[in-house]
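Where a number appears in this text, it was derived from the coordinates with a stated rule and is not lab data. These figures come from a predicted structure and were not determined experimentally. Neighbour counts run over all protein chains shown; Cβ positions are idealised from the backbone, glycine included.
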Amino acid sequence: MNIIHRRGWEIPESALTPEHFFFNRRSLIVGAGAIALTASAASAQRASDVPDPTADLYPAKRNAKYQLDRPITDEKVNGNYNNFYEFNSSKNVTAQAEKLPIRPWTVTIDGMVEKPQTIDIDTLVRKMGVEERHYRHRCVEAWSMAIAWGGFPMAKLVELAQPLSSAKYVEMKTLQDPKNMPGQKQTWFPWPYTEGLTIAEATNELAFLATGAYGKPIAKVHGAPLRLAVPWKYGFKHIKSIVRFTFTDKRPMSYWEHLQKSEYGFWANVNPQVPHPRWSQATEEVIGTGNRVPTQLFNGYGEYVADLYKGLESERLWA
Ligand SMILES: Nc1nc2c(c(=O)[nH]1)N[C@H]1C(S)=C(S)[C@@H](COP(=O)(O)O)O[C@H]1N2
Ligand SMILES: [Mo]
């Protein structure tokens, strides 16, 4: 059992981080598994009754450059084990997430750019085009999955924005909609969920904006209609349901950093040798398999990203 010894701000302990729920919840999830799967199959069915205007783009052609070392996590298993605090802080958010309206949806690009704009998601997706990529996903809570994303390289969005040479970072924000995202009524959380990357990271070939998953438009529980995938970083960097990209010369303060700076920082690159203050990061539970496997440096993506961090050794790169 994980007991929190340190309080952050005046947040109640029960709301502090997702991680302390995790080990206690495992037995509950296994026990309730059969019921949860039935309920979510029904809600997935309801969601698919509403035609997605980009559905014809999926399944997209796979980019086979990015290979997995493990099978893709079963879609239903993945859709029943999620972190999406805008709905609630359990792993069981699918039913609530299904009710989120995702059209109309606009994406605003602003800040230090040549081309500030607000663009409709369907126009954006067609302009960018979509491909399929198979990526590992490693949550800071020491579990992992493997996912078939659909979407486009974030570099394409940066190109659309044309950042000024003075811009160093891109800050991203999730939709703010407390009526449909009941977790946002808990005002002690720093809503909206915010994340950031350096422009060098955002234009790295691995940085991906997911608009699809499992050969279809991305499910709401995974962050429809637009969600980040940066597989060399811990899962909390993978901001869901994005509405804004702001280019800036100031390092963004992310949601988790704001809540608990001692545990979650800006860079959050995966490193098995740097433990979280409350648990080891040496291994990970591969959800849906019952296996624990060793965690890899940069989640196994070092050949693509290690160079980004040369000369930054004095920074807190790993959590
Ligand atoms: N807006 C928003 N984005 C979010 C989160 C969240 O609570 N809200 N949780 C993060 C965490 S901790 C993880 S591990 C991943 C989980 O994505 P998945 O549920 O699609 O596996 O989403 C990330 N993105
Ligand atoms: Mo996570």
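Think of each Lys and Arg Cβ as +1 and each Asp and Glu Cβ as -1; about the Cα centre, that makes the dipole of region 52-309 roughly 320 debye.
Between Gln162 and Lys310, the distance separating the two model label sites (each 7 Å from Cα on the Cα→Cβ line) works out to 3.1 nm.
Distance between the 7 Å Cα→Cβ label points at His258 and Val293: 3.5 nm. Taking Lys and Arg as +1 and Asp and Glu as -1, the other residues whose beta-carbon sits under 12 Å from that of Gly79 total +1. For Pro192, the shell of other residues with beta-carbons less than 10 Å away shows a net charge of 0, using +1 for Lys and Arg and -1 for Asp and Glu.
Pop the C-beta distance of Lys250 and Trp188 into the FRET formula with R0 = 22 Å and round what comes out to the nearest 0.05. Result of the calculation: an efficiency of 0.35.
Full extension of the chain segment joining Arg278 with Ala64 gains 73.3 nm, where the gain is 0.36 nm per residue of separation less the Cα-Cα distance. Packing here is the average count of other Cβ atoms within 10 Å per residue, and on that basis the peptides 278-285, 60-67, highest first, run 278-285, 60-67. Using the Cβ of Asn180 as centre and a radius below 15 Å, the other residues enclosed give a net charge of +3, where K and R count +1 and D and E count -1. Mean separation of Cα pairs under 8 Å and 6 or more residues apart, divided by the residue count, gives region 52-309 a relative contact order of 22 percent. Sorting 238-246, 251-259 by their mean Cβ neighbour count within 10 Å, with the most densely packed peptide first, gives 238-246, 251-259. Distance between the 7 Å Cα→Cβ label points at Asp177 and Asn88: 2.0 nm. Of the cross-linked pairs Lys173/Lys240; Lys65/Lys168; Lys99/Lys185; Lys115/Lys156; Lys220/Lys240; Lys61/Lys115, those separated by over 18 Å at the C-alpha level are Lys65/Lys168; Lys61/Lys115.
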